[in-house]
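Enquirer: Following this message is one structure expressed as structure tokens.
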Amino acid sequence: EELGLARQIREAFASQRSSQGQRLTYRAPGVPLRTYSYGIVPIVRGEGVECVMLLMEDVTEQIRLGEEIRRVERHLAGVVESANDMVLSTDITGRILTWNQAAERISGYTLKEVQGRFLFEYCAEDHIEPLRAFFAAEARQSGSGTAEYDIITSQGVRIPVAWVFSPMKDDMDRTAGIVALGRDLTERRKFEQQLLQSQKLAALGVMAGGI
């Protein structure tokens with residue numbers, strides 16, 4: 001009665017059309033809840049429907065696996081979005097597919113602005129060709145690599161970024177795309193400059209003391 005099966009059966013007799021993709025749940029005594037996908041198929045003989053056939057398929061496991069996959073996908077998406085480093089993916093030619101929040105914050109570009117464009121378009125001029133060469137050769141072979149390619153933000157600021165590239169494999173174990181992890185080296189460069197300056201001052205102090 002809840003599913004309106006009687007009504008669906010009458011409609012199948014009247015319209016001679018089948019209905020597919022309906023779902024019902026059932027729990028037999030002492031048995032866990034099961035979910036079924038069912039359809040009503042009219043059997044036509046002559047000019048009318050002689051009878052209808054109810055087809056049922058147990059889809060409980062499929063639903064459970066689908067929910068598990070969605071849970072894992074949400075978890076992975078949360079990890080990527082909460083990362084402090086730039087995490088993005090490209091196709092084998094270097095066209096940007098995904099772009100996390102850190103990439104938006106560091107570069108000043110949103111995913112909508114960069115999606116479908118080449119990653120090397122956002123690099124400093126002297127780093128465009130090396131990154132283009134990576135996607136033209138190495139990305140198609142191993143798909144792996146590490147390098148420093150500076151990017152130019154939407155405000156025109158040059159930012160040093162250390163990149164780690166890893167391949168994305170398809171079902172045939174072929175490289176279908178590239179995952180790129182980029183770390184902003186701005187603070188590290190500032191610290192290195194401060195350290196270098198302090199070393200210079202220390203050396204100058206030693207020299208002055210000697211004099």
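The values are calculated or read from the model by the stated rules, or taken from the named source; none is laboratory data. Being a predicted model, the structure only gives us computed values, none of them experimental. When we count neighbours, we look across all protein chains shown, and the Cβ atoms used for this are built from the backbone with ideal geometry, even at glycine. The accessibility values were calculated without ligands, DNA or RNA, using every heavy atom of the protein model including side chains. Shrake-Rupley method; radii C 1.70, N 1.55, O 1.52, S 1.80 Å.
Enquirer: Give me, ordered by chain and number, the residues 5 or more places off ILE151 or on other chains with an amide H under 5 Å from its own placed amide H.
Expert: Long-range HN contacts for ILE151: ALA124, ILE159, VAL161.
Enquirer: Can you pull the percent of the chain's accessible area that's carbon plus sulfur, 1.4 Å probe, other chains left in place?
Expert: Heavy-atom surface of the chain belonging to carbon and sulfur, 1.4 Å probe: 55 percent.
Enquirer: Quick one, which of (1) 20.2, 58; (2) 21.4, 68; (3) 30.2, 116 is the actual Rg and Dmax of the Cα atoms in Å calculated for this model?
Expert: (3)
Enquirer: Quick one: what are the phi-derived ³J(HN,Hα) couplings along region 157-170, Karplus 6.51/-1.76/1.60 with θ = phi - 60°, whole Hz, x for glycine and proline?
Expert: Those phi angles translate into 8, 8, 10, x, 9, 8, 10, 10, 10, 9, x, 9, 9, 8 Hz.
Enquirer: With the other protein chains left in place, how much accessible area per residue, in square angstrom, belongs to the chain at a 1.4 angstrom probe?
Expert: With the other protein chains kept in place, the chain gives 67 Å² per residue.
Enquirer: Give the peptides 110-117, 169-176 in descending order of average Cβ contacts within 10 Å, highest first.
Expert: Ranked from most to least packed, the peptides come out as 110-117, 169-176.
Enquirer: Also, quick follow-up: Report the Cα centroid-to-centroid distance between region 54-104 and region 133-151 in angstrom, as an integer.
Expert: When both Cα centres are located, 24 Å separates them.
Enquirer: Read phi for every residue in region 59-65 and hand back ³J(HN,Hα) as whole Hz from Karplus 6.51 cos²θ - 1.76 cosθ + 1.60, θ = phi - 60°, with x for Gly and Pro.
Expert: Result, rounded to whole Hz: 10, 4, 5, 4, 5, 4, 5.
Enquirer: Here's another thing I want to ask about it. Suppose each label sits 7 Å from its Cα in the direction of the beta carbon; what would the VAL41-ARG140 distance come out to in nanometres?
Expert: So the two model labels end up 4.8 nm from each other.
Enquirer: Report relative contact order for region 1-60 in percent, whole number only (criteria: Cα-Cα under 8 Å, sequence separation at least 6).
Expert: Relative contact order here is 31 percent.
Enquirer: Could you tell me the accessible area of PHE134 in Å² (1.4 Å probe, neighbours in place), rounded to the nearest ten?
Expert: Near enough 20 Å² of accessible area.
Enquirer: So what's the net charge close to CYS123: Lys and Arg +1, Asp and Glu -1, counting the other residues with Cβ under 10 Å from its Cβ?
Expert: Result for the neighbourhood of CYS123: -3.
Enquirer: Continuing with the same structure: Angle check, please: helix 5-15 long axis (alpha carbons) against the longest principal axis of the chain (alpha carbons), in degrees 0 to 90, nearest 10.
Expert: 80
Enquirer: Relative contact order (percent) for the chain, with alpha-carbon contacts under 8 angstrom and 6 or more residues of separation?
Expert: Worked out over the chain, it gives 13 percent.
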